[in-house]
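**Student:** Please read through the structure below; I'll follow up with questions.
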Amino acid sequence: MLTGKNLVAGEWRGAEGTFAAVAAASGAALEPAFAEASSADVADACAAAAAAQPVFADLPLAQRAAFLRAVADRIDALGDTLTQRAMLESGLPEARLNGERGRTVGQLRLFADEVENGAWQGLRIDHAIRDRTPPKPDLRMRKIPLGPVAVFGASNFPLAFSVAGGDTASALAAGCCVVVKGHPAHPGTSELVAEAIHAAVLEAGLPAGVFSLLNGTDYALGETLVKDPRITAVGFTGSRAGGLALMEHAAARPVPIPVYAEMSSINPVVLMPSRMAEAAEELAAAYVGSLSLGAGQFCTNPGIVLAIESEATTRFIAAVGDALPGIPAQTMLTQGIQTAFVKGAAAIGEQPGAELVGTGAAGAGPCGQAQVYTVSGTDFRDNPALAHEVFGPSSIIVVCADLYQVAGILAAMEGQLTATLHMASADYPAARELLPILEQRAGRIIANAWPTGVEVTHAMVHGGPFPATSDGRSTSVGTLAIDRFLRPVSYQDLPATLLPKALLDGHSSVLRRIDGQFEA
């Protein structure tokens, strides 16, 4: 049974002010009403997180890993209860949400394995050379958790990028307590997941301040959370405006803190000439499927396709137009997102040189109707408005004069999460010329696939230069995400009795760099 309350350091709290959860498909209010967290709730959650931080940070790695697995097990056990509530609040289909639950618990278990592995600590030992002139001191280094982290749940992934999503999982793995600001579009889903985490906290005998959930609709709640002096870092997935606002609040604090925000990306896809000539219709079908997947509500949606003017490109555009009417309209996450999508897609059609290729089927209610436009490379290059992200199932095919124009457009783009090359072997020499540009513009370069899909692995980078993310040196997906919530500390000439055990000679089986050489 849902309570509609906030979880503040182990206590479920109500409030005088409430807001309603809404069924995405119908707009009907859902029970129960949810409490608006207060500034006092924020302060109490952050104070409890700060008090719990030393205990949680010092937890043996095996116990921290066991805690992460317990969270995963409890979320998994929610099963259909969690899926059905998320379906109501998000409008996403059952199969998608079951897969997302699997990804959520899978990344928690992956981080548990990573915690036990221990290599993420970056252990280094440089032994002293006392008879050198000047003497060389004994230096030992490890990475430690930053401290309590504020995590903002995302609208488009109510599980995998929300209460127990990648930001929370990586912060907990790093040894950081977490205060989550739940997304108001799916508060019931958030409460179910928060209860699972809370139960795992109790089961592990950890301080209640290790995890808290705060709900609310007022932007001031997020500002108050980011400005609390006990918060040491922020994880965010959402709009550019939202991410920039949080970055501004964090930078204005007496002690500024990092904000790891995933914000805006149009994910350019380049269809190289030889590949286009041999598979124009196949590429068109896959493109339409990718841009309309999940009503286009993916941060890796292919918003821009670059192709060179040719007979094959003409066939590709025609095939896209033929395929679009068969794409049903899909319920979007919220009425606000749907309204912004309709406005943004219409704005593309009003730009000079933009022509509508076709639309998907119309639908009733807050639905996203797939839309594709085409524009010349020159018009795209000369009109920055065409490069703005439209969150939803719309995309632009940019018909370029030649590869030189393709390269110029890519070089002028903002930072992106992904960049894709569809190519045959005959395209490899030209693709090699584009790679240095793509490396400077994107966090992930994809060959012969579509960007809507992010594998949770050790080598994944889900990040990119600004404005794709606020810090292009980081990723929000994969085990490397743990680095965002760690900082290095060096210990010079500390007596062995005071050193962390992992830095004692002969103590650790973890990979360490000793006098410059890696040893296990």
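The values are calculated or read from the model by the stated rules, or taken from the named source; none is laboratory data. Everything quoted here is computed from the prediction, not taken from an experiment. With ideal geometry, Cβ positions are generated from the backbone for all residues, glycine too; neighbour counts draw on all protein chains shown. Accessible surface is based on the protein model in full, side chains and every heavy atom, while ligands, DNA and RNA are left aside. Shrake-Rupley method; radii C 1.70, N 1.55, O 1.52, S 1.80 Å.
**Student:** Small (Gly, Ala, Ser), open to solvent by 10 Å² or more (accessible area, probe 1.4 Å) and touching a residue at least 40 places away in the same chain (Cβ under 8 Å): is that true of Ala204 in this structure? Please lay out each step first, then the result.
**Tutor:** Details: small (Gly, Ala, Ser): yes; open to solvent by 10 Å² or more (accessible area, probe 1.4 Å): yes; touching a residue at least 40 places away in the same chain (Cβ under 8 Å): yes.
In short, yes.
**Student:** In addition: Given the residues Ile337, Ile396, Ile348, which is the only one that is open to solvent by 10 Å² or more (accessible area, probe 1.4 Å) and touching a Leu at 6+ places or on another chain (Cβ under 8 Å)? Steps first, please.
**Tutor:** Values: Ile337 fails: touching a Leu at 6+ places or on another chain (Cβ under 8 Å); Ile396 fails: open to solvent by 10 Å² or more (accessible area, probe 1.4 Å).
Exactly one of Ile337, Ile396, Ile348 is open to solvent by 10 Å² or more (accessible area, probe 1.4 Å) and touching a Leu at 6+ places or on another chain (Cβ under 8 Å), namely Ile348.
**Student:** Name the residue that is farthest from the chain's Cα centre (by Cα), counting only residues in the range 487-502 that are within 16 Å of Gly122 (Cβ to Cβ) and open to solvent by 80 Å² or more (accessible area, probe 1.4 Å). Lay out the reasoning, then the answer.
**Tutor:** Going through the range 487-502, the residues within 16 Å of Gly122 (Cβ to Cβ) turn out to be 487-491, 499-502.
Right, trim to open to solvent by 80 Å² or more (accessible area, probe 1.4 Å) and you get 487-488, 501.
Numbers: Arg487: 21, Pro488: 24, Lys501: 34 Å.
Looking at the filtered set, the residue picked out is Lys501.
**Student:** If we keep just the residues of the range 140-163 that are charged (D, E, K, R) and open to solvent by 20 Å² or more (accessible area, probe 1.4 Å), which is farthest from Met87 (Cα to Cα)? First the steps, then the outcome.
**Tutor:** Kept after step one, since they are charged (D, E, K, R), are these residues of the range 140-163: 140, 142-143.
Cutting the leftovers down to open to solvent by 20 Å² or more (accessible area, probe 1.4 Å) gives us 142-143.
Details: Arg142: 43, Lys143: 40 Å.
My answer is Arg142.
**Student:** Ok, one more. Any idea which residue in the range 164-188 is farthest from Gln335 (Cα to Cα), counting only those that are open to solvent by less than 10 Å² (accessible area, probe 1.4 Å) and assigned to a strand (DSSP E or B)?
**Tutor:** Out of the qualifying residues, it is Val178.
**Student:** Is at least one residue of the range 10-20 buried (at least 23 other Cβ atoms within 10 Å of the Cβ) and either in contact with a helix residue (DSSP H, G or I) (Cβ under 8 Å, 6 or more places away or on another chain) or hydrophobic (A, V, I, L, M, F, W, C) (or both)?
**Tutor:** No, there is no match, as no residue in the range 10-20 is buried (at least 23 other Cβ atoms within 10 Å of the Cβ) and either in contact with a helix residue (DSSP H, G or I) (Cβ under 8 Å, 6 or more places away or on another chain) or hydrophobic (A, V, I, L, M, F, W, C) (or both).
**Student:** Let me ask you something else. Run down Gly408, Gly453 and say which single residue is within 23 Å of Glu262 (Cα to Cα), out of contact with any strand residue (DSSP E or B) (no Cβ under 7 Å at 6 or more places or on another chain) and of a type outside the set (S, T, N, Q).
**Tutor:** Working: Gly408 fails: within 23 Å of Glu262 (Cα to Cα).
So the residue among Gly408, Gly453 that is within 23 Å of Glu262 (Cα to Cα), out of contact with any strand residue (DSSP E or B) (no Cβ under 7 Å at 6 or more places or on another chain) and of a type outside the set (S, T, N, Q) is Gly453.
**Student:** Let me ask something else about it. Mind checking which residues of the range 298-328 are open to solvent by 40 Å² or more (accessible area, probe 1.4 Å), without any contact (Cβ under 8 Å) to a residue 40 or more places away in the chain and either among the charged types (D, E, K, R) or under 25 Å from Leu410 (Cα atoms) (or both)?
**Tutor:** Ser310, Glu311, Thr314, Arg315, Ala318, Asp322
**Student:** Can you find, within the range 72-130, the residue that is farthest from the chain's Cα centre (by Cα) among those that are of a type in the set (S, T, N, Q) and open to solvent by less than 50 Å² (accessible area, probe 1.4 Å)?
**Tutor:** Of all residues in the range 72-130, those of a type in the set (S, T, N, Q) come to 81, 83-84, 90, 98, 104, 107, 117, 121.
Checking the rest, the ones that are also open to solvent by less than 50 Å² (accessible area, probe 1.4 Å) come to 83, 90, 104, 107, 121.
Details: Thr83: 20, Ser90: 17, Thr104: 12, Gln107: 13, Gln121: 23 Å.
Only one residue fits best here, namely Gln121.
**Student:** I need every pair where a residue in the range 146-163 that is in contact (Cβ under 8 Å) with a residue 12 or more places away in the chain and closer than 14 Å to Gly99 by Cβ has its Cβ under 6 Å from the Cβ of a residue that is open to solvent by less than 10 Å² (accessible area, probe 1.4 Å) and acidic (Asp, Glu), sequence separation at least 6 or different chains.
**Tutor:** Close Cβ pairs satisfying both conditions: Leu159/Glu100; Ala160/Glu100.
**Student:** Tell me, which strands (runs of 3 or more DSSP E) lie completely within the range 1-77 with 2 or more residues that are touching a residue at least 60 places away in the same chain (Cβ under 8 Å)?
**Tutor:** Numbers: elements: 6-8, 11-13, 18-22, 29-35.
Filter on the range 1-77 gives 6-8, 18-22, 29-35.
**Student:** Continuing with this model, one more query. Taking the options Arg381, Arg432, name whichever one is without any contact (Cβ under 8 Å) to a residue 24 or more places away in the chain, surrounded by fewer than 23 Cβ atoms within 10 Å (Cβ to Cβ) and of a type in the set (Lys, Arg). Give the derivation first.
**Tutor:** Working: Arg381 fails: without any contact (Cβ under 8 Å) to a residue 24 or more places away in the chain.
Checking each option against the conditions leaves just Arg432.
**Student:** Let me ask something else. Among what's in the range 384-393 and is in a loop (DSSP other than H, G, I, E, B) and open to solvent by 40 Å² or more (accessible area, probe 1.4 Å), pick the residue that is nearest to Ala362 (Cα to Cα). Let's see the steps before the verdict.
**Tutor:** Within the range 384-393, the subset in a loop (DSSP other than H, G, I, E, B) is 388-393.
Retained after the next criterion (residues that are open to solvent by 40 Å² or more (accessible area, probe 1.4 Å)): 388-389, 391.
Values: His388: 24, Glu389: 22, Phe391: 18 Å.
Going through the qualifying residues, I end up with Phe391.
**Student:** Go through (1) in contact with a helix residue (DSSP H, G or I) (Cβ under 7 Å, 6 or more places away or on another chain); (2) over 21 Å from Ala199 (Cβ atoms); (3) surrounded by 15 or more Cβ atoms within 10 Å (Cβ to Cβ) and name the single condition Ala57 misses.
**Tutor:** (1)
**Student:** Kindly indicate which of Thr475, Thr479 is more than 30 Å from Ser394 (Cα to Cα), buried (at least 19 other Cβ atoms within 10 Å of the Cβ), among the polar types (S, T, N, Q) and in contact (Cβ under 8 Å) with a residue 24 or more places away in the chain. Please lay out each step first, then the result.
**Tutor:** Working: Thr475 fails: more than 30 Å from Ser394 (Cα to Cα).
None of the other options fit; the residue is Thr479.
**Student:** Now, a different point. Mind counting the residues in the range 80-101 that are in contact (Cβ under 8 Å) with a residue 12 or more places away in the chain and assigned to a helix (DSSP H, G or I)? So that I can check it myself, show each step before the final result.
**Tutor:** Going residue by residue through the range 80-101, those that are in contact (Cβ under 8 Å) with a residue 12 or more places away in the chain are 81-83, 85-86, 88-92, 96-98, 100-101.
Keeping just the survivors that are assigned to a helix (DSSP H, G or I) gives 81-83, 85-86, 88-90, 96-98, 100-101.
The qualifying residues number 13.
**Student:** Give me a count of the residues in the range 21-54 that are of a type in the set (A, V, I, L, M), surrounded by 19 or more Cβ atoms within 10 Å (Cβ to Cβ) and under 13 Å from Leu206 (Cα atoms).
**Tutor:** So the count comes out to 3.
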